[in-house]
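These notes concern the structure reproduced below.
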Amino acid sequence: MSTDAAVPAPEIHTIHNADHAALAELPWHLPLAEWPQTLVGGLPRGISRHVVRYVEIGDEVLAIKETDDAQALREFDILGALGNLDVPLVEPRASVGGRRTESGEKLKGALITAYLEFSLPYRALFSRDLAEDTGGRLVDALAVLLVRLHLVGFYWGDVSLSNTLFRRDADAYAAYVVDAETGELHDQLSDGQRNMDLRIARMNIAGDFLDLQAAGLVAPETDPLAAGERLCESYNALWAELTRVEEFSVNERWRIDERIRRLNDLGFDLGELTVTTDLDGISLLVSPKVVEPNHHSRRLLRLTGIGANENQARAMLNDLDSFRSAPEIAEFDELDESQAARHWLEEVYKPLIQAIPENLTRKLEPGQIFYEFAEHRRTMARARQRDIPTMEAIAYFIVDYLANLPDEIRYVDSEKF
């Protein structure tokens with residue numbers, strides 16, 4: 001749609017895969033709150049101090065947040081830098097500045113990000129998912145995200161459930177940065193900066209849970225302060241495991257392998273390690289220098305080409321190991337891991353994904369579909385006291401479980417703007 005030719009065109013800074021021409025056609029001469037209903041859509045949002053709207057351009061849904069020109073450009077740059085550091089976040093698409101109404105009145109700028117498919121804000125999860133310890137699992141996911149941010153030198157400055165989106169990750173959640181406007185990127189954070197983020201997190205998360213209580217989404221007896229304390233405990237335990245300097249005897253080098261295995265179990269790889277021998281040659285100081293996340297995701301991608309969240313990948317790798325050791329396919333013992341993975345793809349994963357009807361593909365992302373299928377199959381096997389053949393398990397899973405789930409690819413809120 002076009003605007004009055006006398007209205008100066010806004011300045012739109014985009015990344016390479018954003019449709020600059022389509023973005024320029026949006027009604028930037030109007031305040032975001034006044035954009036026509038035919039243009040914007042309703043999707044779940046966290047609590048925000050900004051006006052936020054969603055638009056669909058081509059095959060992509062974009063989130064547009066109205067904010068100051070300088071702040072929009074700054075957050076656009078920060079999100080881009082964090083994306084280059086492989087931090088989980090909403091992907092930036094553009095920043096917009098220099099907006100004016102048809103009468104020449106100055107308007108706020110805007111930050112444009114891609115809508116994160118299969119994600120939900122915390123309030124939406126509580127309003128529909130009352131699984132045991134939902135709150136605790138969200139807090140644990142936020143703790144992992146905060147550790148990852150601090151490892152790359154990012155001080156968030158406003159850690160909260162409200163500034164985070166969540167995606168299902170097997171029986172846990174994966175957390176993504178959705179608001180970085182208060183953040184600062186440094187070469188390395190001091191202990192003081194990390195502790196300040198934790199203090200902010202403790203306070204904000206208590207506020208998030210008070211908000212849930214006010215809405216009747218958690219039990220009145222829930223202690224809001226306990227959620228903030230849980231985040232700090234989860235964060236401190238993970239940070240210590242990832243960064244702790246350990247002292248070993250020179251005869252205990254095997255303990256370095258144990259440290260690496262513990263990190264792998266937590267979903268991290270040790271990219272670089274410093275080992276220093278003391279002057280007497282008696283002990284070793286072992287200090288992790290580079291710790292890389294997504295150990296299981298990278299291994300699954302290498303073996304199968306499947307992209308998945310970390311816990312989903314762990315579940316698929318476990319299923320691959322079980323498949324490889326099944327007595328009826330004992331010949332796979334002679335295959336290397338990559339060859340066995342190809343058989344697993346053709347005989348287990350692909351038959352499941354290809355059997356999902358088109359109208360059900362919006363329910364869950366493929367990695368979560370596989371996890372839920374494996375759990376459903378195990379439940380059937382226990383109930384029937386026998387192994388369930390793959391195709392039989394797939395048929396029951398689709399009809400009895402998947403078809404009854406709500407769509408999550410773009411969960412639409414019932415509230416109107």
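The values are calculated or read from the model by the stated rules, or taken from the named source; none is laboratory data. Keep in mind the model is a prediction, meaning the values are calculated, not measured. In this analysis, Cβ positions are derived from the backbone assuming ideal geometry, glycine residues included, and neighbour counts consider all displayed protein chains. Accessible surface is based on the protein model in full, side chains and every heavy atom, while ligands, DNA and RNA are left aside. Shrake-Rupley method; radii C 1.70, N 1.55, O 1.52, S 1.80 Å.
The lysines whose alpha-carbon is closer than 22 Å to the alpha-carbon of K65, local same-chain residues fewer than 8 away aside, are K106, K108, K416. Computed over segment 42-198, the Cα gyration tensor eigenvalues convert (square root of 5λ each) into semi-axes of 27, 21, 13 Å, ordered from largest to smallest. Taking label positions 7 Å along the Cα-Cβ direction at both E358 and E346, the computed distance is 2.8 nm, reported to one decimal. Dividing the summed -39500 (n - 2.57) terms of all DSSP H runs of n ≥ 4 by the residue count of the chain sets its mean residue ellipticity at 222 nm at -13000 deg cm²/dmol. For the chain, with all protein chains present and a 1.4 Å probe, just round the carbon and sulfur fraction of the accessible area to a whole percent. Result for the chain: 50 percent of the exposed heavy-atom area is carbon or sulfur.
Computed over segment 238-368, the alpha-carbon pair-distance distribution with 5 angstrom bins reads 2, 9, 16, 15, 13, 12, 10, 9, 6, 4, 2, 1, 0, 0, each value a whole percent. With both labels modelled 7 Å from their Cα along Cα-to-Cβ, the Y401 to E60 distance reads 3.4 nm. Estimated from the Cβ-Cβ distance and a Förster radius of 45 angstrom, the FRET efficiency linking L30 and R382 is about 0.20. With a Förster radius of 22 Å applied to the beta-carbon distance between L39 and I409, the computed FRET efficiency rounds to 0.60.
Of the residues Y396, Y235, Y371, the one with the largest accessible area comes first in the ranking Y396, Y371, Y235, computed with a 1.4 Å probe on protein heavy atoms. Stretching the chain fully between Q188 and E117 yields a gain of 22.4 nm (0.36 nm per residue, less the alpha carbon separation).
In this structure segment 170-245 gives 48 Å² per residue of accessible area when probed at 1.4 Å with all protein chains present.
Applying D = kT/(6 pi eta Rh) to the chain, where Rh is the Kirkwood radius over alpha-carbon pairs, T corresponds to 10 °C and eta to 1.306 mPa s, the Stokes-Einstein value obtained is 66 µm²/s. Put simply, when 300-309, 337-346 are sorted by average Cβ atoms within 10 angstrom per residue, most first, you get 300-309, 337-346. Between N195 and S338, the modelled labels are 4.9 nm apart [label points 7 Å from Cα along Cα→Cβ].
With everything on Cα atoms, drop me the angle between helix 366-384 and the longest principal axis of the chain, reported from 0 to 90° to the nearest 10. It works out to around 50 degrees. For the chain, the longest principal axis of the alpha carbon atoms and the long axis of helix 254-265 meet at an angle near 50°.
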